[in-house]
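Trainee: Sharing a structure, written as structure tokens. Questions coming.
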Amino acid sequence: MYLRLLPFLAATALMTGCAFNVAPYGASVKNVEALKATSIKPVSVAKFQAAKPGDASISCRAAGSVKVEPSFETYIEKAFIDELKLAGLYDPASSLKLSGKLEQIDFSSGISDGNWTFTLVVSNARNESFSTQSKFPFSGSFIADKACQEVAQAFGPAVQKLIEDVVRNPKFKQIAS
């Protein structure tokens, strides 16, 4: 009886694939320095939104999904707060509240290269906003498992690049002041 179940269990395991989990965010010294250079006063951060609220995974080839906890927009929100805290520019009681909306997030996992792409709209309570498009390239792989692992490993640095692109946008200082 057990031998009859073995092919079924093996097929189920192969069809479900696995998840490629994204590591926790690590702040960027470059971003902290760029934030300090803006000379803004401390700000608070409102809950980030997304075009697809609560999305936490994207399928990667036939190998499984790239997964983040708890969701893409919350991961980016927390990363932004971490950077602000390290720069000494975060005050949850500040009347100047910044928010973000993740309009687009996707990746490519090619044979020779890959990239993460984001579109993030940053706004304040005065209804001032700007949109930032960010693209972070990384190496690819012919082997699906390796390529998808590279996608997951590149997510943290891709979010660092997204925050860098937001902070270096001349409109950031305007809406954060």
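The values are calculated or read from the model by the stated rules, or taken from the named source; none is laboratory data. Please read these numbers as outputs of a predicted model, since none were measured by experiment. Cβ sites come from the backbone with ideal geometry, for glycine too, and all protein chains shown count toward neighbours. The accessibility values were calculated without ligands, DNA or RNA, using every heavy atom of the protein model including side chains. Shrake-Rupley method; radii C 1.70, N 1.55, O 1.52, S 1.80 Å.
Trainee: Considering each of SER123, SER99 in turn, give the residue that is in contact with a Leu (Cβ under 9 Å, 6 or more places away or on another chain), of a type in the set (S, T, N, Q), at pLDDT 95 or above and under 16 Å from ILE76 (Cβ atoms).
Mentor: SER123
Trainee: Oh, and also: Tell me, please, whether a residue that is of a type outside the set (Phe, Trp, Tyr) and part of a loop (DSSP other than H, G, I, E, B) can be found in region 114-123.
Mentor: No, region 114-123 contains no residue that is of a type outside the set (Phe, Trp, Tyr) and part of a loop (DSSP other than H, G, I, E, B).
Trainee: Considering only region 133-146, state which residues are open to solvent by 50 Å² or more (accessible area, probe 1.4 Å) and modelled with pLDDT under 95.
Mentor: SER139, PHE142, ILE143, ASP145, LYS146
Trainee: In region 110-127, how many residues are crowded, with 16+ Cβ neighbours inside 10 Å and over 17 Å from VAL159 (Cβ atoms)?
Mentor: Adding up the residues that qualify gives 2.
Trainee: Given the residues GLN149, GLN160, which is the only one that is open to solvent by 30 Å² or more (accessible area, probe 1.4 Å), more than 25 Å from LYS173 (Cβ to Cβ), not in a strand (DSSP E or B) and not acidic (Asp, Glu)? First the steps, then the outcome.
Mentor: Numbers: GLN160 fails: more than 25 Å from LYS173 (Cβ to Cβ).
Result: GLN149 is the single residue among GLN149, GLN160 that is open to solvent by 30 Å² or more (accessible area, probe 1.4 Å), more than 25 Å from LYS173 (Cβ to Cβ), not in a strand (DSSP E or B) and not acidic (Asp, Glu).
Trainee: Of the residues PHE172, PHE155, PHE130, which single one is outside any strand (DSSP E or B), open to solvent by less than 30 Å² (accessible area, probe 1.4 Å), out of contact with any Asp or Glu (no Cβ under 8 Å at 6 or more places or on another chain) and closer than 17 Å to ALA46 by Cα?
Mentor: From the options PHE172, PHE155, PHE130, the qualifying one is PHE172.
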